[in-house]
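Asks: The structure follows.
The values are calculated or read from the model by the stated rules, or taken from the named source; none is laboratory data. Quick caveat, the model's predicted, so the values are computed rather than measured. With ideal geometry, Cβ positions are generated from the backbone for all residues, glycine too; neighbour counts draw on all protein chains shown.
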């Protein structure tokens, strides 16, 4: 019983030395895309886009295309949500990457609760066209 108490005491003393996550400092440039980003996100989205057979956004044939990327730092997996307008028709797609038990990307069709025109209007109302740059966020 004394060994267990001693072990628990040592464990609690060791847990007292745990440090918080690192603060993100500065801005770096991703060399392949020339995108300004935080120093931890050094992987461009080009590789992910190639794996899902998606053209770069500047080569899109859609009337309107909005992409929302999410990078999970611990698992280094991505999630991409796209909202597109082509020939008057709206569509939404989710590409969800997982690495367990093997690397795969699943594709899901997205539906907007109140319709995509209402979703786009909400984005406009929340200044999606005026998002800050990484430099503005850093200051």
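Asks: Condition (residue is within 23 Å of residue 133 (Cα to Cα), within 15 Å of the chain's Cα centre (by Cα) and either modelled with pLDDT of 90 or more or surrounded by 15 or more Cβ atoms within 10 Å (Cβ to Cβ) (or both)) applied to segment 25-34: is it met by at least one residue?
Replies: Within segment 25-34, not a single residue is within 23 Å of residue 133 (Cα to Cα), within 15 Å of the chain's Cα centre (by Cα) and either modelled with pLDDT of 90 or more or surrounded by 15 or more Cβ atoms within 10 Å (Cβ to Cβ) (or both).
Asks: Follow-up. Checking residue 70 against (1) more than 12 Å from the chain's Cα centre (by Cα); (2) part of a strand (DSSP E or B); (3) without any contact (Cβ under 8 Å) to a residue 12 or more places away in the chain: exactly one of these is not met. Which one?
Replies: So residue 70 meets the others, but not (1).
Asks: I'd like the full set of residues that are surrounded by fewer than 16 Cβ atoms within 10 Å (Cβ to Cβ) and either under 10 Å from the mean Cα position of the chain (by Cα) or over 19 Å from residue 53 (Cα atoms) (or both), limited to segment 73-89.
Replies: Selection gives 73, 74, 75, 76, 87, 88, 89.
Asks: If you don't mind, there's one more thing I want to ask. Restricting to segment 87-105, name every residue that is touching a strand residue (DSSP E or B) at 6+ places or on another chain (Cβ under 8 Å) and in contact (Cβ under 8 Å) with a residue 12 or more places away in the chain.
Replies: 90, 91, 92, 93, 94, 95, 96, 97, 98, 99, 105
Asks: Next question. Return the residues of segment 73-86 that are outside any strand (DSSP E or B) and either touching a residue at least 24 places away in the same chain (Cβ under 8 Å) or closer than 21 Å to residue 120 by Cα (or both); say none if nothing qualifies.
Replies: Within segment 73-86, 73, 75, 76 meet the criteria.
Asks: Please determine, by comparing only the residues of segment 55-67 that are part of a strand (DSSP E or B) and within 14 Å of residue 86 (Cα to Cα), which one is farthest from the chain's Cα centre (by Cα).
Replies: 64
Asks: Kindly check whether there is at least one residue in segment 110-128 that is touching a residue at least 60 places away in the same chain (Cβ under 8 Å) and out of contact with any strand residue (DSSP E or B) (no Cβ under 7 Å at 6 or more places or on another chain).
Replies: yes
Asks: What do you reckon, is residue 123 surrounded by fewer than 15 Cβ atoms within 10 Å (Cβ to Cβ) and under 20 Å from the mean Cα position of the chain (by Cα)?
Replies: yes
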